[in-house]
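Each remark here refers to the structure printed beneath this line.
The values are calculated or read from the model by the stated rules, or taken from the named source; none is laboratory data. No experiment lies behind these values; they were computed from the predicted model shown. All Cβ positions, glycine included, derive from the backbone under ideal geometry; neighbour counts span all protein chains shown. Ligands, DNA and RNA are stripped out before the accessible areas are found, and what is left, the full protein with its side chains, is counted by its heavy atoms. Shrake-Rupley method; radii C 1.70, N 1.55, O 1.52, S 1.80 Å.
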Amino acid sequence: MRIILLGPPGAGKGTQAELLSKKLSIPKISTGDLLRDEVEKKTNLGIKVKKKIEKGELVDDELVFDILKKRIEKNDCKRGYILDGFPRNINQAEKFYKLFNNDQELVIEISLSENELVRRLTSRRICKNCGASYNLLFFRPKIKNKCDECGGDLVRRDDDREDVIKKRFKVYEDETKPLINYYYKKGNYFKINGEADISEIFKRIYAIIKNYIEKFAERKSDYLQNK
Ligand code: AP5
Ligand code: MG
């Protein structure tokens, strides 16, 4: 099954994708992480996309698509995967659906107000070494500026400056939000309010997924019986 987490910057897509990945034993794929990895390694792709990410703009669809396709073709995605931050516009969604046509596609939007996401993202810190995510307001590391997992240094993401966060939110409103109507019409769209505890949001998302899987199994068995 394919789970798509939609939502504005800072809504908690990465946090929830990580928890779901552990619970469901399927990988989480964040196009943002894949792109930042290329920037860090200074590959040709990384050099091309660095400026766009720093400015809070979307990277060209073709570039994102190529890197995502390579990731999904790996063996660990055979049972399914969780997409965090993809698709970002209707063109990406359609191109993706054409290539990986799959009925079991569930879309969950995590919503959050602009004020709250600015608050969260200006206080987010990331481990430079292992990528673990912390928050100075909600989820502090045990030792100041050091990762609990690996002891690496905690840094601010280059696009977590207030002006860039606001730009990212605007890009979400203009380019990504139309996907809500697109998936709503397909009938596979659910929404939850992201303004609650991480564990509470996880419970709500997991309940939606469980229900969806059960319904899908029922439909499949009805279909097989009537065949
Ligand atoms: P991407 O990396 O996808 O960033 P984003 O969508 O802006 O979202 P974030 O990662 O900032 O937030 P999140 O929702 O994952 O929240 P998190 O869980 O970390 O994209 C970055 C850039 O890459 C884009 O701007 C674009 O340039 C490019 N890009 C990526 N994908 C692309 C695509 N498909 N097409 C084109 N370009 C693409 O949580 C945030 C903070 O809040 C953390 O500190 C966390 O600890 C805390 N937190 C989480 N949940 C809660 C809660 N419930 N209560 C309190 N705090 C919480
Ligand atoms: Mg993220």
### Query
Any idea which residue in region 1-28 is nearest to Ile165 (Cα to Cα), counting only those that are within 11 Å of ligand 2 (Cβ to nearest atom) and of a type in the set (A, V, I, L, M, F, W, C)?
Ala11
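Among the residues of region 120-128, is there at least one that is charged (D, E, K, R), over 29 Å from Tyr189 (Cα atoms), in a loop (DSSP other than H, G, I, E, B) and away from ligand 1 (no atom under 11 Å from the Cβ)?
At the first step, the residues of region 120-128 found to be charged (D, E, K, R) are 120, 124-125, 128.
Filter once more, so that each one left must be over 29 Å from Tyr189 (Cα atoms): 125, 128.
Among the residues that remain, those that are also in a loop (DSSP other than H, G, I, E, B) are: 128.
Next, from what is left, pick out any that are away from ligand 1 (no atom under 11 Å from the Cβ): 128.
Scanning region 120-128, I find at least one residue that is charged (D, E, K, R), over 29 Å from Tyr189 (Cα atoms), in a loop (DSSP other than H, G, I, E, B) and away from ligand 1 (no atom under 11 Å from the Cβ), so the answer is yes.
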### Query
So is Lys52 modelled with pLDDT of 95 or more, in a helix (DSSP H, G or I) and within 10 Å of ligand 1 (Cβ to nearest atom) or not?
yes
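A quick yes/no check of all residues on (1) of a type in the set (Lys, Arg); (2) more than 23 Å from Ile4 (Cα to Cα); (3) assigned to a helix (DSSP H, G or I):
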residue: Lys98; (1), (2), (3): yes, no, yes
residue: Glu109; (1), (2), (3): no, no, no
residue: Leu117; (1), (2), (3): no, no, yes
residue: Ile143; (1), (2), (3): no, yes, no
residue: Ile165; (1), (2), (3): no, no, yes
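Within region 7-20, can one find any residue that is more than 14 Å from ligand 1 (Cβ to nearest atom), open to solvent by 30 Å² or more (accessible area, probe 1.4 Å) and in a helix (DSSP H, G or I)? Working first, answer last.
Quick first cut of region 7-20, residues more than 14 Å from ligand 1 (Cβ to nearest atom) only: none.
For region 7-20, residues more than 14 Å from ligand 1 (Cβ to nearest atom), open to solvent by 30 Å² or more (accessible area, probe 1.4 Å) and in a helix (DSSP H, G or I): absent.
Can you say whether Ala196 is without any contact (Cβ under 8 Å) to a residue 60 or more places away in the chain and in a loop (DSSP other than H, G, I, E, B), as far as the supplied structure shows? Walk me through how you get there before you give the answer.
Numbers: without any contact (Cβ under 8 Å) to a residue 60 or more places away in the chain: yes; in a loop (DSSP other than H, G, I, E, B): yes.
Taking the combined requirement at face value, the residue satisfies it.
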### Message
Regarding region 91-98, can at least one residue be identified that is under 22 Å from Leu20 (Cβ atoms), of a type outside the set (Lys, Arg) and exposed (fewer than 15 other Cβ atoms within 10 Å of the Cβ)?
### Response
yes
### Summary
Taking first residues from region 161-174 that are surrounded by 13 or more Cβ atoms within 10 Å (Cβ to Cβ) and second residues anywhere that are modelled with pLDDT under 95, the pairs with Cβ under 9 Å that are 6 or more apart or on different chains are Val164/Asp158
### Query
Can you name the number of the only condition in (1) under 24 Å from Ile209 (Cβ atoms); (2) part of a loop (DSSP other than H, G, I, E, B); (3) open to solvent by 40 Å² or more (accessible area, probe 1.4 Å) that Arg71 fails?
(2)
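If you go through region 29-46 one residue at a time, how many are outside any helix (DSSP H, G or I), without any contact (Cβ under 8 Å) to a residue 40 or more places away in the chain and either within 16 Å of ligand 2 (Cβ to nearest atom) or in contact with a Ser or Thr (Cβ under 8 Å, 6 or more places away or on another chain) (or both)? Can you show your working first?
Just the residues of region 29-46 that are outside any helix (DSSP H, G or I), to begin with: 29-30, 42-43.
From the residues that got through so far, the ones that are without any contact (Cβ under 8 Å) to a residue 40 or more places away in the chain too are 42-43.
Checking the rest, the ones that are also either within 16 Å of ligand 2 (Cβ to nearest atom) or in contact with a Ser or Thr (Cβ under 8 Å, 6 or more places away or on another chain) (or both) come to none.
Summing the residues that are outside any helix (DSSP H, G or I), without any contact (Cβ under 8 Å) to a residue 40 or more places away in the chain and either within 16 Å of ligand 2 (Cβ to nearest atom) or in contact with a Ser or Thr (Cβ under 8 Å, 6 or more places away or on another chain) (or both) in region 29-46 gives 0.
Return the total of residues in region 119-130 being surrounded by fewer than 18 Cβ atoms within 10 Å (Cβ to Cβ) and farther than 26 Å from Glu173 by Cβ.
Qualifying residue count, region 119-130: 3.
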### Query
For region 21-54, how many residues are open to solvent by less than 30 Å² (accessible area, probe 1.4 Å) and closer than 26 Å to Tyr212 by Cβ?
7
## Note on the structure
Within region 131-153, of all residues that are within 11 Å of ligand 1 (Cβ to nearest atom) and hydrophobic (A, V, I, L, M, F, W, C), the one least open to solvent (accessible area, probe 1.4 Å) is Ala132
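Within the group Glu116, Glu109, Glu57, which residue is surrounded by 16 or more Cβ atoms within 10 Å (Cβ to Cβ), in contact (Cβ under 8 Å) with a residue 24 or more places away in the chain and over 14 Å from Ile205 (Cβ atoms)? Before you say what the answer is, go through the steps one by one.
Values: Glu116 fails: surrounded by 16 or more Cβ atoms within 10 Å (Cβ to Cβ); Glu109 fails: over 14 Å from Ile205 (Cβ atoms).
Selected residue: Glu57, the only one of Glu116, Glu109, Glu57 that is surrounded by 16 or more Cβ atoms within 10 Å (Cβ to Cβ), in contact (Cβ under 8 Å) with a residue 24 or more places away in the chain and over 14 Å from Ile205 (Cβ atoms).
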### Query
Name the pairs whose Cβ atoms lie under 6 Å apart, with the first residue in region 131-155 and under 23 Å from Glu116 (Cβ atoms), the second among the acidic types (Asp, Glu), and 6 or more positions between them or separate chains?
Ala132/Glu149; Pro141/Asp148
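Taking region 168-198 as the region of interest, how many residues are closer than 20 Å to Arg88 by Cα and more than 16 Å from ligand 2 (Cβ to nearest atom)?
Kept after step one, since they are closer than 20 Å to Arg88 by Cα, are these residues of region 168-198: 168-194.
So of that shortlist, the ones also more than 16 Å from ligand 2 (Cβ to nearest atom) come out as 170, 173-175, 177-193.
So the count comes out to 21.
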